[in-house]
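The values are calculated or read from the model by the stated rules, or taken from the named source; none is laboratory data. The structure displayed is predicted, hence computed values, not measured ones. Reconstructed Cβ throughout: ideal geometry from the backbone, glycine too, with neighbour counts over all protein chains shown. These accessible areas exclude ligands, DNA and RNA; they are computed on the full protein's heavy atoms, side chains included. Shrake-Rupley method; radii C 1.70, N 1.55, O 1.52, S 1.80 Å.
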2 protein chains.
Amino acid sequence: MTPATKSTAGSRTLEHPALEEIRLEGVLHALSDPMRLRIVTELACCEDELACSYFELPVTKSTTTHHFRVLRESGVIRQCYRGTAKMSGLRRDDLDALFPGLLDSVLDAAARQTDRLGGA
Amino acid sequence: MTPATKSTAGSRTLEHPALEEIRLEGVLHALSDPMRLRIVTELACCEDELACSYFELPVTKSTTTHHFRVLRESGVIRQCYRGTAKMSGLRRDDLDALFPGLLDSVLDAAARQTDRLGGA
DNA sequence: CTCGTAGTTTGACAGTTCTCGTACTACGGT
DNA sequence: ACCGTAGTACGAGAACTGTCAAACTACGAG
């Protein structure tokens with residue numbers, strides 16, 4: 001994919017879209033998957049960076065990697081390596097600057113829905 | 001087919017999800033397509049029901065039909081026939097009841113993005 | 001009844017998405 | 001140096017999506 005990505009030693013860099021590159025459609029699409037919505041909800045809950053392995057998702061590791069990448073590439077989360085772990089955190093500041101109130105509305109909506117459906 | 005013979009003419013009935021059936025993921029997915037986001041924006045702008053033919057979308061009629069169906073089946077819009085025309089209107093009330101603030105945030109976000117990009 | 005306008009249906013196609021399994025790399029601890 | 005844990009890359013496959021064209025249905029006006 002990435003041309004000349006001879007990323008041999010150490011430089012485990014992760015590509016993030018710049019603030020101006022974040023598109024609303026991309027963000028909405030990223031959030032429209034149940035698994036990803038769940039990840040984002042937990043991330044918001046904790047208000048801190050979490051390792052991928054923290055989440056106990058009902059999918060394999062490769063699928064997990066995939067979902068985190070979608071979230072990162074759409075600009076919803078920020079990721080960085082920390083030892084062998086990959087930490088993820090919401091890009092709250094950027095999202096709020098670009099689309100004020102959007103993230104909170106979605107988070108609130110997700111909470112309400114969970115309450116309404118899974119509140120068994 | 002339920003023989004719900006309404007006084008108003010028309011065996012052309014359109015299926016809409018009940019309020020409790022509307023899912024956040026579905027709504028977000030419906031809104032994550034540029035064409036549909038555009039439709040919703042115009043619908044919100046007009047604050048009234050509009051015929052499909054009002055929209056001058058850069059796609060064929062069948063594609064337009066498809067997008068309107070996705071919006072209706074996800075619970076974002078409400079549709080009914082009126083003569084040969086099919087009128088569409090936002091389900092603002094239902095959406096606000098279910099996910100307070102969500103629609104407005106998305107609309108606002110869409111406006112900001114249009115401003116930021118198209119206002120070049 | 002006939003015609004035009006508005007929208008639907010169907011089938012097709014290319015592209016994307018979600019998922020998996022297996023093989024792989026990167027780092028830290030012992 | 002070795003091993004285990006965390007995550008990645010690479011196919012691959014099934015399902016879904018956005019799009020079109022062409023043939024069709026429904027309604028209103030003459």
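Data for the structure
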{"quantity": "Value of D in µm² per second that Stokes-Einstein yields for the range A:22-120, Kirkwood Rh from Cα pairs, at 25 °C (0.890 mPa s)", "calculated": "177"}
{"quantity": "Surface accessible to a 1.4 Å probe, A:Leu117 within the full protein complex, Å²", "calculated": "90"}
{"quantity": "7 Å along Cα→Cβ, label-point gaps from A:Asp93 to other copies, nm, shortest first", "calculated": "4.4"}
{"quantity": "Under DSSP loop assignment and at most 16 Cβ neighbours within 10 Å, longest GluC sites (Glu not before Pro)-free interval of chain B", "calculated": "B:57-120"}
{"quantity": "In degrees, nearest ten, helix B:34-46 long axis to first principal axis of chain B (Cα)", "calculated": "80"}
{"quantity": "Choice from A:Gly101, A:Gly75, A:Gly83 with maximal GNM fluctuation in chain A (Cα, 10 Å cutoff)", "calculated": "A:Gly83"}
{"quantity": "Residue among B:Arg12, B:Arg69, B:Arg92 with the largest mean-square fluctuation in a Gaussian network model of chain B, springs linking Cα atoms under 10 Å", "calculated": "B:Arg12"}
{"quantity": "In degrees, nearest ten, helix B:102-118 long axis to first principal axis of chain B (Cα)", "calculated": "50"}
{"quantity": "Formal net charge of residues neighbouring A:Asp93 (Cβ-Cβ distance under 15 Å; K, R +1; D, E -1)", "calculated": "-4"}
{"quantity": "Relative contact order computed over the range B:17-83 (Cα-Cα under 8 Å; 6+ residues apart), in percent", "calculated": "49"}
{"quantity": "Distance in nm between pseudo-label sites at B:Ser62 and B:Thr114 (7 Å out along the Cβ direction from Cα)", "calculated": "2.9"}
{"quantity": "Angle in degrees between helix A:61-73 and the longest Cα principal axis of chain A, rounded to the nearest 10", "calculated": "90"}
{"quantity": "For A:Ala111, label point 7 Å along C-beta direction: distances to other copies, nm", "calculated": "2.6"}
{"quantity": "Share of pairwise Cα separations in the protein assembly as shown, more than 21 Å, in percent", "calculated": "62"}
